[in-house]
Amino acid sequence: DSLSRASSCCQDYSTLPYATANAGDDKWLPIDENSPVFNFSEGKSYFAAFKLPQNSGDLRITVAAEIGKTLYFPSVVLMDSQFKVTRVIDRSVFTYKEAQLLAGNRIEGIFTVDRTYVGNPNNETYMVIYTPENKLSETTTILSEAKLMARATAVVDPGLKDPVIPHSPWGLLKLQIEDLSGDTGKDNMY
């Protein structure tokens, strides 16, 4: 309901409120009713927007959505310095990762931003994480705790049904940005 009542914060991609992202970032992003809303081509969504680091090597970006009683299933739009969409990272990149040790069930996508492309040194300058409105009626099936425990202890699966998680307009994301050019050669230092 809150999403349908919320009004769009901005007119186009160039007017979105971009936070600065830095190489080495490893942070949690709550997406909730306090997050800005924008009318994407797939419908209205709460979102988080970032300006990517420019003075870096190639970037490996990981976006993970924690699975609780609901799931904010992310899509990522990458844009150049003129706010032209260069690509959309969608469902084909995001995969289900089952709970392990301290990491809970999550949907995770890993992609690279190439900084070596000679034709456009400022390619993929902006990133927006949102969930398509048409995906809100979908669900994601995860492994049951009993099945995970059976796998971990090498016993027979008890055969319980796996939980079906409804998608939600908000949730908890984890964003990690790694500069792939950093730390090379440091292993050989005394």
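The values are calculated or read from the model by the stated rules, or taken from the named source; none is laboratory data. Worth saying up front: this structure is predicted, and the values here are computed from it rather than measured. Note that each Cβ is placed from the backbone with ideal geometry, even for glycine, and that neighbours are counted across all protein chains shown. Just so you know, the surface numbers come from the protein's heavy atoms only, side chains and all, with ligands and any DNA or RNA stripped out. Shrake-Rupley method; radii C 1.70, N 1.55, O 1.52, S 1.80 Å.
Quick notes on this structure:
- Test: residue in the range 127-144 that is at positive phi and within 21 Å of the chain's Cα centre (by Cα): no
- Strands (runs of 3 or more DSSP E) completely within the range 35-97 that count 3 or more residues being in contact with a strand residue (DSSP E or B) (Cβ under 7 Å, 6 or more places away or on another chain), under 18 Å from V113 (Cβ atoms) and not polar (S, T, N, Q): 43-51, 59-66, 75-79, 85-89
- Flag for P53 being buried (at least 19 other Cβ atoms within 10 Å of the Cβ) and farther than 13 Å from I129 by Cα: yes
- In the range 133-153 there is at least one residue matching the filter, namely being open to solvent by 70 Å² or more (accessible area, probe 1.4 Å) and in contact with a His (Cβ under 7 Å, 6 or more places away or on another chain).
- Members of the range 143-176 that are touching a strand residue (DSSP E or B) at 6+ places or on another chain (Cβ under 6 Å), aliphatic (A, V, I, L, M) and more than 15 Å from A48 (Cα to Cα): V164, I165
- The condition (being over 19 Å from L175 (Cβ atoms), surrounded by fewer than 14 Cβ atoms within 10 Å (Cβ to Cβ) and more than 16 Å from the chain's Cα centre (by Cα)) is satisfied by just one residue among S41, S81, S92: S41.
- Checking each residue in the range 1-19 for being closer than 17 Å to V63 by Cβ and not in a loop (DSSP other than H, G, I, E, B) picks out only A19.
- Hey, T125 at pLDDT 85 or above and open to solvent by 50 Å² or more (accessible area, probe 1.4 Å) or not: no
- L71 satisfies every condition listed in (1) in contact with a His (Cβ under 7 Å, 6 or more places away or on another chain); (2) free of Cβ contacts under 8 Å to residues at least 12 places away in the same chain; (3) not hydroxyl-bearing (S, T, Y) except (2).
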